[in-house]
1. Out of the residues in the range 191-210 meeting the condition of being within 21 Å of residue 75 (Cα to Cα) and not small (Gly, Ala, Ser), tell me which one is surrounded by the fewest Cβ atoms within 10 Å (Cβ to Cβ).
2. Among the listed residues 86, 73, identify the single one that is crowded, with 18+ Cβ neighbours inside 10 Å, in contact with a Phe, Trp or Tyr (Cβ under 6 Å, 6 or more places away or on another chain) and under 30 Å from residue 208 (Cβ atoms).
3. Say we look at the range 65-108 and pick out the residues that are touching a strand residue (DSSP E or B) at 6+ places or on another chain (Cβ under 8 Å) and of a type in the set (Val, Ile, Thr); which of these is nearest to residue 196 (Cα to Cα)?
4. Considering only residues that are among the hydroxyl-bearing types (Ser, Thr, Tyr) and surrounded by 18 or more Cβ atoms within 10 Å (Cβ to Cβ), look in the range 223-252 and name the one that is nearest to the chain's Cα centre (by Cα).
5. Looking at the range 238-254, I want the residues that are among the polar types (S, T, N, Q) and have a partner that is in a helix (DSSP H, G or I) and open to solvent by less than 10 Å² (accessible area, probe 1.4 Å) with Cβ atoms under 8 Å, at least 6 apart or on another chain. Which pairs are those?
6. When you go through (1) outside any strand (DSSP E or B); (2) in contact with a helix residue (DSSP H, G or I) (Cβ under 7 Å, 6 or more places away or on another chain); (3) buried (at least 22 other Cβ atoms within 10 Å of the Cβ) one by one for residue 94, which number turns out not to apply?
7. All but one of (1) among the small types (Gly, Ala, Ser); (2) within 25 Å of residue 88 (Cα to Cα); (3) surrounded by fewer than 16 Cβ atoms within 10 Å (Cβ to Cβ) hold for residue 35; which doesn't?
8. Criterion first (touching a residue at least 40 places away in the same chain (Cβ under 8 Å), part of a helix (DSSP H, G or I) and open to solvent by 60 Å² or more (accessible area, probe 1.4 Å)) does residue 67 satisfy it?
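The values are calculated or read from the model by the stated rules, or taken from the named source; none is laboratory data. What you see is a predicted model; the values in this text were computed from it and never measured. Here Cβ is always computed from backbone atoms with ideal geometry, including for glycine, and neighbour counts include all displayed protein chains. Accessible surface is based on the protein model in full, side chains and every heavy atom, while ligands, DNA and RNA are left aside. Shrake-Rupley method; radii C 1.70, N 1.55, O 1.52, S 1.80 Å.
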Amino acid sequence: VFPAVHSVSRMGWLPDQSFILPGQHMSMDGDGQYALTPPVGLDAMASGWTSKGSMAHWLEAVELAREYPLLMIALYASAATPLLHILEQPGFVIDFSGETSGGKSTALKFAASVWGRAATSYPTAMYSWDATRVWIERTCGFLHNLPIILDETKRAKHKNIVRDVVYDFCQGQGRGRGAPDGTRFVDSWCSIMISSGENSIVNFSQDAGTRARVLPLIGKPLGNDPAVGGRASEELQYILTSTYGHLGPKVVEYLVQNRDSWDALRALFQDSRTKYAEVSSAAVGRRHAAHLAILELSSRIVGLLGIPEPTY
């Protein structure tokens, strides 16, 4: 007599190729047979991944961001995260680094607004490096196919935390841990990390494999004119306080409803990756070709959904 609903403890892609967000289960048949039940301690986090305002109002922020290529890369990276599952590609890191007051935190807030509330207090879709390694691991597992956005590496308790988190993240799963009755559940994810800091995140690790999974974007996302960049940052952040969380669900809905086109998306990705690999002579550069191809495919998809192209 009572309807049966599957309880899901994490967000992202599900075994039937549907996708779940707080209050939204997107599938081809729209039967809504899954409900999100966050683990204890993560229920407040889920409320940051919701929408407010309108898509039309949020597009006003995009119009401002079009002048700044690094801001648009932040948007593409955030929207690209669900693509990793379809393309069967591992996660990677987008790292914004440079002098303070250059717009790095604004870039992260813009990326977070793709999916939810971009704020420095809960509920929010962006977080701080002032967290433990275990907390970040659990958060990655809960978000699963959504971006993990961490602001300001200098707030980490110790530089080794940054090194270890980046290494764990690139492996796609947490550390194995014992329990009195055997072993504990190990979180896994397939995601993109978007990070910021005064120092590039690659400087925290000497592991070559990890460095090849980090795209370092060095400079000021809002340009070198502090007066112009400051005004743009203030206006962007003002808009993002009242509208957010619209583009991400639209991207997922597009991917779910076009399940028959996934092979075509994979072919576009392969062509793009080959294009980027051919212009690089270094091994690390060739590894980055896949990351750039993912960002390019993301830009094409969001373009179909009404996001204007960057000015340059």
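1. Just the residues of the range 191-210 that are within 21 Å of residue 75 (Cα to Cα), to begin with: 191-198, 200-201.
Those left that are additionally not small (Gly, Ala, Ser): 192-194, 198, 201.
Numbers: 192: 29, 193: 25, 194: 26, 198: 13, 201: 26.
Filtering first and then ranking leaves 198.
2. On the way: 73 fails: in contact with a Phe, Trp or Tyr (Cβ under 6 Å, 6 or more places away or on another chain).
Every option except 86 fails the conditions.
3. For the range 65-108, the residue satisfying everything is 94.
4. Kept after step one, since they are among the hydroxyl-bearing types (Ser, Thr, Tyr), are these residues of the range 223-252: 233, 238, 241-244.
If we keep only those that are surrounded by 18 or more Cβ atoms within 10 Å (Cβ to Cβ) too, we end up with 233, 243-244.
On the way: 233: 20, 243: 18, 244: 15 Å.
Of everything passing the filter in the range 223-252, 244 is nearest to the chain's Cα centre (by Cα).
5. Qualifying pairs under 8 Å: 243/58; 243/61.
6. All conditions are met except number (1).
7. (2)
8. Values: touching a residue at least 40 places away in the same chain (Cβ under 8 Å): yes; part of a helix (DSSP H, G or I): no; open to solvent by 60 Å² or more (accessible area, probe 1.4 Å): yes.
No.
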